[in-house]
Amino acid sequence: MRDAWVGWLEETLGQGVVRCRPVGGGCSHSAWAVELSGGGRLFAKTNQGRLLPVLEAEMEGLRALAAAADSDLRVPRPLHCALAGSQALLVIDWLDLDPGGSGSGTAAQLAWAAAGAALARLHRRSAASSAATGSAGFGWAHDNYIGSTLQPNSWCPSWGQFFAEQRLGPQLKLAEHSGRVLRGRQRLLELTPAWLDGHGAVPCLVHGDLWAGNAARVAPSSSSPGSAVVALFDPAVYLGDREVDLAMAQMFAGFPPAFFSGYEQEWPRPAGHPQRRKLYDLYHLLNHANLFGGGYWRQAQALIAELVA
């Protein structure tokens, strides 16, 4: 018996679904390759109906990135997001991703360098747009999600205060609620604004969760073998310091050096990035600890101790 969301999709699209094949799509949702009777293919995510807001936030993030990206970055187009039967459903364009990963050939290096430069342009354009429209500072119009964790986004004119109150603070509270009281947490929150308010951060549209699993080369088509570009997906967008994307891209490896070289040539990072990167890493370590536990708690505590020493 087919899931109700398949029937909903057929009715919405006006064509049949020939096959739904499970594929990799992250740790939070079920992901599917949907083959259509008309010959096309779509990518779908499903989850419990109560998690529809998580998928709606992803759809909004994809649209925001697509509006700001140029042709050297590919962002899949979200087509539908709805409650289909008892399940939350997000449907987006299918992308044929390069199975070679980051790759080491000349074409791969050029594609990653172009993607790094394109991300820098996206950051710069969005910063100019925020300034021109009188943005309320750092944040987003409403809260969204980092993975399945609620990500607060209340507007704040100070980047350091925003990061302390809207990023580190909520994660530390989640830790406390689960019985994990991390030493040095209060001192960390007191020091964070001063650490982050001295390098001229401006509100930029950031992907927000830019680890290697959320970016990949698109396989070149047979008709255009040299046209491979890098795609970004699964965002947790907001207006923040552009360095959060670069820190996350370094955190779990996977992004080749060409990506960072391309970015630096377009818009170099200000001095002091390695120290700020530790704070940005801590946010994701805490989130992973709250979601998955295990050794992430030890890593988070060690990093807090290093920062406040």
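Below are the figures for this structure:
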read-out: Three-way shape call for the range 26-68 based on the alpha-carbon gyration tensor, with the a/c threshold at 1.5; value: oblate
read-out: Between 0 and 90°, nearest 10: helix 295-308 axis offset from the chain longest Cα axis; value: 40
read-out: Descending Cα extents along the principal axes, the range 54-160, whole Å; value: 43, 43, 22
read-out: Values of log10 I(q)/I(0), in the order q = 0.15, 0.23, 0.27 Å⁻¹, for the range 153-232 under a Debye, Cα-only, solvent-free model; value: -0.72, -1.10, -1.20
read-out: Net charge, Trp211 excluded, C-beta distance under 12 Å - Lys, Arg +1, Asp, Glu -1; value: -4
read-out: Where only C-alpha atoms are counted, convex hull volume of the range 235-284 per residue in Å³; value: 94
read-out: Percent carbon-and-sulfur accessible area, the chain, ignoring ligands, DNA and RNA, probe 1.4 Å; value: 53
read-out: C-alpha long axis of helix 52-68 to longest principal axis of the chain, angle in °; value: 80
read-out: Reciprocal of mean inverse Cα separation for the range 1-127 (Kirkwood radius, Å); value: 16.2
read-out: Length-normalised contact order of the chain in % [C-alpha pairs under 8 Å, at least 6 apart]; value: 18
read-out: Isotropic mean projected area of the C-alpha convex hull, the range 112-249 (nm²); value: 10.1
read-out: 1.4 Å probe accessible area per residue over the chain, in Å²; value: 44
read-out: Principal axes of the range 197-309: Cα extent on each, largest first, Å; value: 56, 35, 24
read-out: Hydrodynamic radius of the chain per Kirkwood, over alpha carbon pairs, in Å; value: 20.5
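The values are calculated or read from the model by the stated rules, or taken from the named source; none is laboratory data. Predicted model only: the values in this text are computed from it and were never measured. Positions of Cβ are backbone-derived with ideal geometry, glycine not excepted, and every protein chain shown enters the neighbour counts. Heads up: the accessible areas ignore ligands, DNA and RNA and are worked out on the full protein's heavy atoms, side chains in. Shrake-Rupley method; radii C 1.70, N 1.55, O 1.52, S 1.80 Å.
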